[in-house]
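Below you'll find the structure, written out as structure tokens, and then a few comments.
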Amino acid sequence: MKKILIAAAFASLFAGQALAAPQTYVLDQTHSFPRFSYNHMGLSKQILRFNKTTGAVVLDKAAKQAHVDVTIDMTSIDTGFQVFDGHIQGADFLDTATYPTATFKSTQVKFDGDTPVSIEGDLTIKGITKPITLTVTSFFNGAHPMLKKDAIGANATAVIKRSEFNAGKFAPGVGDDVTLDIALEAIAE
């Protein structure tokens, strides 16, 4: 009888671990948009975005661990003006002919209780990789109200220097500091 109880305890332990396995969430491309803003010659703060982003988030709620892997289609820049989209894609800025994508791969996600509060990782733009830390400003994990599937949603922000990614033309007249503002939604596989 003692052996049966021990076996049952081990079985329930492993069953619990299976239920607490890491979950992969695929980015919802219709609700995941990296935006960025910068000072334009002291006249205004310009806000631009990329329209095509793919990737996944792996969340292990029990272990309070996560991994983020995102690819941004740099040719999907949206300035609101087609001629300016082409200008920003030129060699002096994003050089999308040579570097059509940018990536972010997390190296560590820090939690406060069950909520991620910062995401450290490597941002690669124009073939140059730099470490950055995204501050998570909001986070949701639960049933998607329309899809009825497990989902996550988050907003995060960071400031980078565009000159560090070989995209610093006209700095400092056009601000070198670029504020990243990421909106992300992802659905469980």
Q: Would you be able to tell me the number of residues in the range 160-189 that are of a type in the set (A, V, I, L, M) and under 29 Å from Asp60 (Cβ atoms)?
A: 8
Q. Given the residues Thr137, Thr179, which is the only one that is polar (S, T, N, Q) and closer than 24 Å to Thr75 by Cα?
A. Thr179
**Q.** Filter result (surrounded by 14 or more Cβ atoms within 10 Å (Cβ to Cβ) and of a type outside the set (A, V, I, L, M, F, W, C)) within the range 165-189
**A.** Asn166, Gly168, Gly175, Asp176, Asp177, Thr179, Asp181, Glu185
Q. Taking the range 160-189 as the search range and keeping residues that are assigned to a strand (DSSP E or B) and not aliphatic (A, V, I, L, M), which one is nearest to Gln23 (Cα to Cα)?
A. Glu185
Q. Under the condition of being within 20 Å of Ser37 (Cα to Cα) and aromatic (Phe, Trp, Tyr), which residue from the range 77-130 is surrounded by the fewest Cβ atoms within 10 Å (Cβ to Cβ)?
A. Phe81
(Q) Residue under question is Glu185, and the condition is that it be acidic (Asp, Glu) and within 16 Å of Ala66 (Cα to Cα); does it hold? (A) yes
Q. Can you find a residue in the range 132-150 that is outside any loop (DSSP other than H, G, I, E, B), surrounded by 14 or more Cβ atoms within 10 Å (Cβ to Cβ) and among the charged types (D, E, K, R)?
A. yes
Q: Of all residues in the range 129-163, count the ones that are free of Cβ contacts under 8 Å to residues at least 12 places away in the same chain and in contact with a Leu (Cβ under 6 Å, 6 or more places away or on another chain).
A: 0
Q: Taking Pro172 as meeting all but one of (1) more than 24 Å from His40 (Cα to Cα); (2) at pLDDT below 95, write down the number of the exception.
A: (1)
Q) Can Ala20 be described as modelled with pLDDT under 95 and surrounded by fewer than 16 Cβ atoms within 10 Å (Cβ to Cβ)? A) yes
Q.
Taking the condition of being surrounded by 14 or more Cβ atoms within 10 Å (Cβ to Cβ) and of a type outside the set (D, E, K, R), how many residues in the range 32-45 meet it?
A. 7
Q: Go through the residues of the range 97-118 one by one and say whether even a single one is assigned to a loop (DSSP other than H, G, I, E, B), among the β-branched types (Val, Ile, Thr) and out of contact with any strand residue (DSSP E or B) (no Cβ under 9 Å at 6 or more places or on another chain).
A: yes
Q: Return the only residue of Leu59, Leu27, Leu48 being more than 24 Å from Thr179 (Cα to Cα), at pLDDT 95 or above and surrounded by 14 or more Cβ atoms within 10 Å (Cβ to Cβ).
A: Leu59
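The values are calculated or read from the model by the stated rules, or taken from the named source; none is laboratory data. Note that the coordinates shown come from a computational prediction; the quantities given were computed from them, not determined experimentally. For neighbour counting, all protein chains shown are included, and Cβ atoms are generated from backbone atoms with ideal geometry for every residue, glycine included.
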